[in-house]
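Okay, so here's the structure we're looking at.
Taken together, the values in this text are just the output of simple stated rules run on the coordinates, not laboratory data. Every value quoted in this text rests on a predicted model; they were computed, and no experiment measured them. Here the Cβ positions follow ideal geometry from the backbone for every residue, glycine too, while neighbour counts run over all protein chains shown.
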Amino acid sequence: MRHIAGHALSELRAHPWRAALSGLSLMVGALAIVAINMLSLITAEVFIAAAEQQDGRAATFGARLQLGVTQPDQLRAALLATTPVTVGGGAAAIVAEPSIRTGAGRPEDPIGTPLSFQEMRLIAGELSRVKRLPVLQGRWLAEDSAGAVELLFNQAAVRRWGGVGTVLRLKVTNDQPAITAAGVGIIADGGGDPRIYASLPALLRLRPAVLADTEVRLLIHHPTADIGTLTGIANRVALAAGGRLDGNLVRADQTAYLLEQLKSQRLAFSAVAAVALAIAALGILNIGLASIGERTRELVVRRAVGATRTAIVGQILLAAIAVGLISAAGAIGLAIVGAQWWVPTQIDPATAIEPPGVPWFAVATGVLATTAATLAGSIIPAVVAARLDVATALRD
Amino acid sequence: MNVIEADGLCHGVWLPGRQRLDILRGVELAVAEGESVAITGRSGSGKTTLLALLGLLTPVGEGTLAIAGRNVTNLSDRNRALWRNEHIGFVFQSYSLVRHLSAYRNVELPLRYGEGLHYRQRAQRVESALDSVGLRDRARSKPRQLSGGEQQRVAIARALVRHPAVILADEPTGALDVDTASTVLRTLRTACRERRTTLVVVTHDPQVAQGMDRVVRLMDGRLA
C-alpha cells in the first residue's frame, strides 16, 4: 500500500499540469455545487424574508382582539401574559391599525395647516421578533418610555418625513388634538408606502381611547409550539387586556406555503449542480483515458517489471483521490471565504435578507460528490490500464 | 540446474474467419543457470512471442513451462506478476525507461513492487546495480538527459536489481550504434556472468548471437 501511495505521488509529480487541471476541474465542480446551493438558499431567502417581513416568521399565528377602552395597566398585563411564549424562542406582539384617517405633520407648520394622511401602526410587545423587521438606523421602540411617544419609520416614511430625531405631530383619534412624537429608529418592513410605527403603551397613556376604533391583532410567533397551547395563551392575553379573542388563532405567516412552492426551484438548482459535477467527472474521465493512451508504454513496462493489476489500479485511483482531496480542500476553503465574507457584502443591508452562512451540508455534498466524481472518472481509466496487454512491452 | 524448462510450448492467434495461425508449435527449451542463449530467426518467426511466454507476459496456453524451479504453466495473472518481479529481468530494445523518473528511480522500480524491502536495502541494491553498469554518477539524471547507450545500461541495471534468476533481452542493441552496442552487450554479459544469471537474448545480429554460450534458431514455430 505504501509503495502504491509512493507511485501515486510520483505520478502527480510527473504530470503536475494534468493533475492541476484535473484538480481545478473538480474544484470548479465542487464549488458549483456549493455556489448553486447558496444561490438556491439566497433566492429562497429573498422570498422568505419578504414574507416574514410582511406576515411574521415561521410559525406565526394571529387573531383579532376585541377590546374596549383599554388602560395602560391592562396592556401591560396582557403583554405579561405572553411570557410563556418566550420559552423556546417565541415572541408576541399586539398590533393596532387605527380605522380613522390618521395624519401627521411637522410641528413647525403654520397653525391651522391640516395634517396629511399617514398610514400608521400602533405596536406593543416584541414585533421585531415576530416579524423580520431589521433596524437599519437608530433603535427599536423602548419597552416603556416615560410619557414620550416614540416612532419608527420605514424607508419610504424616511423619505417623506426624515429619519431618527424627526419630531411629528400625529393625529390618532378623531376628537382629540394631535400629539407630538419623535422618531427613534428606521426599520426595513418591505413596504413601498410610507408607514410609521408608534409605541402603543406610551400612546395609551396619552389617549386611552386610542384602541376604541381600532382593529387590534395579537400575533404570536413560536417555532415549535402547537396551536392549542398558543390559543390558551392568546385567550389569557385577551382576558388580561379586558377583552376577548374575536375568532380563532390562525396561521398568519406564508413560509410553509412558500417553502412548498420553492421545492421545485430547489430541485431545478440541484439538477444544475448535478450536471456541473457530471461535466467535471466526464472531464476527469476524458483526461484519464487520454492519459492512459499516452502512458500505455510506461504502464506495460511497470507491469512487466512486476506490478500487479491491483497495483496499477491502486496507483491510478490513489493519484486521482489525492487530486480529489486537494481539490475538495481548496473548494471548502473557497466556499468558507465566499460564504463568510463575500456573500454578505453582496446583500443590501437595507433588506431583511440574512446571509445564509456556510452551507455545510452543500459543502459536505460537494466534497463527497467530488470524491465520487474523481473515482467515477478514474475507475474506467484504471481498469483500462490494468487490462493493457503486458506482452506489448516487447513491441514498440 | 535448469532455470528455464519449456516443454511443448504452443501459441497461436485467431484470425478473422475463425482461422488459427500457429506461431509456436511445440517449443522445447532448457537453459541452465548462468548460461547465455541467443534466439535467432526470421522476422515473424515467433521470437518475441516465445520471449513473452518465457517472461510470463503471456499465459501459457499449451505445453508446460518452469521458471526458476517452479512450474508456472497455470499461474494466475497476479502470481505471474509476482514471479516475474522476483525471478525475471527484462531488457527491451527501446530501453523503456519511465521518462519522468530519474535513473535511480527507474532502477528502483522492480523493488517497489512485490515483496517490500527497507529503503536502505533498496538504496544499496540500486547503487550496486548502477555501479555494475558504470552509471552511479548519473543516478539523478532523467532518461532524456542520457544517451541511448546510457539509457540501455540503466535498463540493464533495472533488470539486474532484483537479482533475478533470468534476464530476457529483446534486441538489446537494436537501437544502438556498433560501438555502443558492443559496450552495452559487454556490460550485460559481464553482469550476468558475475551473478550467474541466466541470459536469453532475442536478436537478429549475428555478432550478438556469437557472444552467447549457445545459439538456437526458431523456424516454423520450432527451435532448431
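Per-structure values
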{"quantity": "Taking the range B:42-151 and dividing mean pair separation by its residue count, relative contact order in percent (alpha carbons under 8 Å, at least six apart)", "calculated": "22"}
{"quantity": "Using distinct alpha-carbon pairs, which all enter the 1/r mean, Kirkwood radius of the range A:57-252 in Å", "calculated": "16.9"}
{"quantity": "Environment charge of residue B:81, counting only residues whose C-beta is closer than 11 Å and scoring Lys/Arg +1, Asp/Glu -1", "calculated": "+4"}
{"quantity": "For the range A:224-375, size of Cβ-based charge dipole, Lys and Arg +1, Asp and Glu -1, in debye", "calculated": "660"}
{"quantity": "Two-site FRET efficiency, residue A:160 against residue A:341, from Cβ-Cβ distance with R₀ of 25 Å, rounded to 0.05", "calculated": "0.10"}
{"quantity": "Amide H contacts under 5 Å for residue A:102, placed H, 5+ residues apart", "calculated": "A:118"}
{"quantity": "Least to most buried among B:142, B:47 (fewest other Cβ within 10 Å first)", "calculated": "B:142, B:47"}
{"quantity": "Neighbourhood charge, 13 Å Cβ-Cβ cut-off, centred on residue B:213 and excluding it, Lys, Arg +1 and Asp, Glu -1", "calculated": "+2"}
{"quantity": "Added length on full extension, which subtracts the Cα-Cα distance from 0.36 nm per residue, residue A:101 to residue A:379", "calculated": "92.6 nm"}
{"quantity": "Dipole of chain A, positive end: most advanced residue of A:382, A:93, A:231 [Cβ charges, Cα centre]", "calculated": "A:382"}
{"quantity": "Column: log10 I(q)/I(0), Debye, Cα scatterers of chain A, q = 0.07, 0.10, 0.12 Å⁻¹", "calculated": "-0.52, -0.75, -0.92"}
{"quantity": "Karplus (6.51, -1.76, 1.60) ³J(HN,Hα), θ = phi - 60°, over the range B:111-116, in Hz, Gly and Pro reported as x", "calculated": "6, 8, 10, x, 5, x"}
{"quantity": "Length gained when the stretch residue B:196-residue B:20 is fully extended (0.36 nm per residue, less Cα-Cα span)", "calculated": "59.4 nm"}
{"quantity": "Expected 222 nm ellipticity per residue - DSSP helices of 4 or more, -39500 (n - 2.57), all of chain B, to 500", "calculated": "-10000 deg cm²/dmol"}
{"quantity": "Under 12 Å from the Cα of residue A:171 - aspartates and glutamates, other chains or at least 8 residues apart", "calculated": "A:119"}
{"quantity": "Karplus-derived HN-Hα couplings along the range A:189-201 (A = 6.51, B = -1.76, C = 1.60, θ = phi - 60°), whole Hz, x at Gly and Pro", "calculated": "10, x, x, x, 9, x, 9, 10, 10, 10, 6, 5, x"}
{"quantity": "Options A:276, A:255, A:220, ranked by Cα towards positive dipole end of the range A:219-302, top entry (Cβ charges)", "calculated": "A:276"}
{"quantity": "Per-residue Cβ neighbour rank within 10 angstrom, fewest leading, A:257, B:95, B:104", "calculated": "A:257, B:104, B:95"}
{"quantity": "Amide H contacts under 5 Å for residue A:246, placed H, 5+ residues apart", "calculated": "A:64, A:65, A:66"}
{"quantity": "Per-residue HN-Hα couplings for the range A:220-229 [Karplus 6.51, -1.76, 1.60; θ = phi - 60°; Hz; x = Gly/Pro]", "calculated": "10, 10, 8, x, 10, 4, 8, 5, x, 4"}
{"quantity": "Nearby aspartates and glutamates by direct alpha-carbon distance to residue A:131 (threshold 15 angstrom, same-chain neighbours under 8 apart not counted)", "calculated": "A:45, A:52, A:55, A:189, A:253, A:354"}
{"quantity": "For the protein assembly as shown, share of DSSP beta bridges that run antiparallel, in % to the nearest 5", "calculated": "65"}
{"quantity": "Chain B - charge dipole about Cα centre, Lys and Arg +1 at Cβ, Asp and Glu -1, debye rounded to 20", "calculated": "700"}
{"quantity": "Helix-only CD estimate at 222 nm, as mean residue ellipticity for chain A, using -39500 (n - 2.57) per DSSP H run (n ≥ 4)", "calculated": "-17500 deg cm²/dmol"}
{"quantity": "On Cα atoms only, tilt of A:309-337 relative to the major axis of chain A in degrees", "calculated": "20"}
{"quantity": "Dipole magnitude of the range A:57-252 about its Cα centre (Cβ charges: Lys, Arg +1; Asp, Glu -1), debye to nearest 20", "calculated": "260"}
{"quantity": "Total formal charge among the other residues, if their Cβ is under 11 angstrom from that of residue B:47, Lys/Arg +1 and Asp/Glu -1", "calculated": "0"}
{"quantity": "Whole-number percent relative contact order across the range A:57-252, with pairs defined as alpha carbons under 8 Å at least 6 apart", "calculated": "41"}
{"quantity": "Chain B: angle of helix B:178-195 to the longest principal axis, Cα-based, in degrees nearest 10", "calculated": "90"}
{"quantity": "Mean separation of Cα contacts under 8 Å (6+ apart) over length of chain A, as relative contact order %", "calculated": "29"}
{"quantity": "Fewest-first ranking of A:73, B:77, A:253, using other Cβ atoms within 10 Å as the exposure measure", "calculated": "A:73, B:77, A:253"}
